[in-house]
Amino acid sequence: MSNSQKPVYGGQAVVEGVMFGGKHHYVTAVRRKDRSVEYFHLPRKTNPYFTILKKIPFIRGIIAIIEASANGSKHLNFSTERFDVDPKDDETIKEKEVSKLTMYLGVAVIGVISFLFGKFAFTLIPVFLAVLTKPIFPSDFAQVLVEGFFKLLLLLCYIYFVSLTPLIKKVFQYHGAEHKVINTFEAGVELTVENVQAHSRLHYRCGSSFILFTVIVGVFVYFLVPTTPLWLRVVDRLLLIPVVLGIAFEVLQITNKLRDIPVLKYFGLPGLWLQLLTTKEPNNDQVEVAILSFNELLKREKQTEYGMDNEEIV
């Protein structure tokens with residue numbers, strides 16, 4: 001079976017584990033304190049309206065982001081709950097049950113902070129920094145380029161510094177393990193730890209590439225609107241967020257299709273370069289968890305495709 005005929009699977013790193021998604025299911029595997037692996041499964045529910053919208057270019061990217069965020073947050077919450085609980089420690093489990101509300105409130109607060117930081121820091125701060133350079137770069141063309149430069153610089157610095165924290169470093173290692181498993185599967189190679197470790201931790205379809213493309217696409221879109229007055233510039237940037245996201249998603253899809261074509265494959269390199277920051281080389285234990293997660297997904301996908309019961313899955 002060629003790569004073009006293989007089913008397309010995606011994934012996401014979570015706390016001490018990896019989530020993979022297929023046509024019918026999402027599965028997460030998490031490494032517990034006692035070294036065991038626990039699974040979390042959700043069927044993939046299809047919204048009929050989303051199904052229609054996902055066929056429309058530029059709109060489908062927004063829908064994909066909404067679905068990925070909704071499903072990803074559930075699996076991330078599961079991993080946050082389970083990774084630091086000793087299954088043999090009843091008191092620890094009880095404490096975790098009592099603290100669930102606190103955890104969910106914490107996740108909600110982090111979500112709000114992330115949203116505000118994403119919108120204000122990555123949209124507005126580059127605008128204000130660019131305005132400060134207006135005596136040197138007065139034209140609209142130069143202002144857009146300077147704004148894009150500050151946005152890219154802010155993005156790279158943010159990713160680099162959060163990657164220095166132990167927790168995020170581990171998540172980035174699992175991110176690398178996720179990519180390695182997908183690359184190994186797409187290459188048609190058996191999923192063993194040794195084989196997976198031999199493959200690249202970078203992948204053309206990665207969300208990290210998508211983030212970078214939003215910065216690049218934003219520059220070209222902003223050329224079409226004025227940079228003065230300042231209030232209009234700020235409003236334009238906020239209103240154009242869906243437009244930029246929709247176009248960036250299409251660019252990501254195109255670069256993935258061109259990745260095996262000489263010369264044209266280089267269009268996807270900027271996204272791969274960013275992944276040098278958002279992924280790290282995983283250890284064998286982390287690769288093992290990623291393989292277990294992916295194999296569990298394949299079992300459930302097979303179950304659905306062939307109408308088998310769980311007991312029949314081999």
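Quick note: the coordinates plus some simple rules give every number you see, no bench work behind them. All values reported here derive from a predicted model rather than from experimental measurement. When we count neighbours, we look across all protein chains shown, and the Cβ atoms used for this are built from the backbone with ideal geometry, even at glycine.
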Beyond 19 Å (Cα-Cα) in this structure, taken from K23/K169; K33/K74; K55/K257; K45/K180, we find K23/K169; K33/K74; K45/K180
For the pair F141 and L224, the simple spin-label estimate (label points 7 Å beyond Cα toward Cβ) gives in nm 1.9 nm
For the range 135-236, listing GluC sites (Glu not before Pro) in a DSSP loop whose Cβ sees at most 16 other Cβ atoms within 10 Å gives E190
If R0 = 35 Å, then F128 and L269, at their Cβ-Cβ distance, give a FRET efficiency to the nearest 0.05 of 0.70
Between L239 and T192, the two model label points (7 Å from Cα along the beta-carbon direction) sit apart by a distance in nm of 6.0 nm
For V219, the net charge from surrounding residues (Cβ-Cβ under 13 Å; K, R +1; D, E -1) works out to 0
Distance in nm between N284 and E250 label points, each 7 Å along Cα→Cβ, equals 4.8 nm
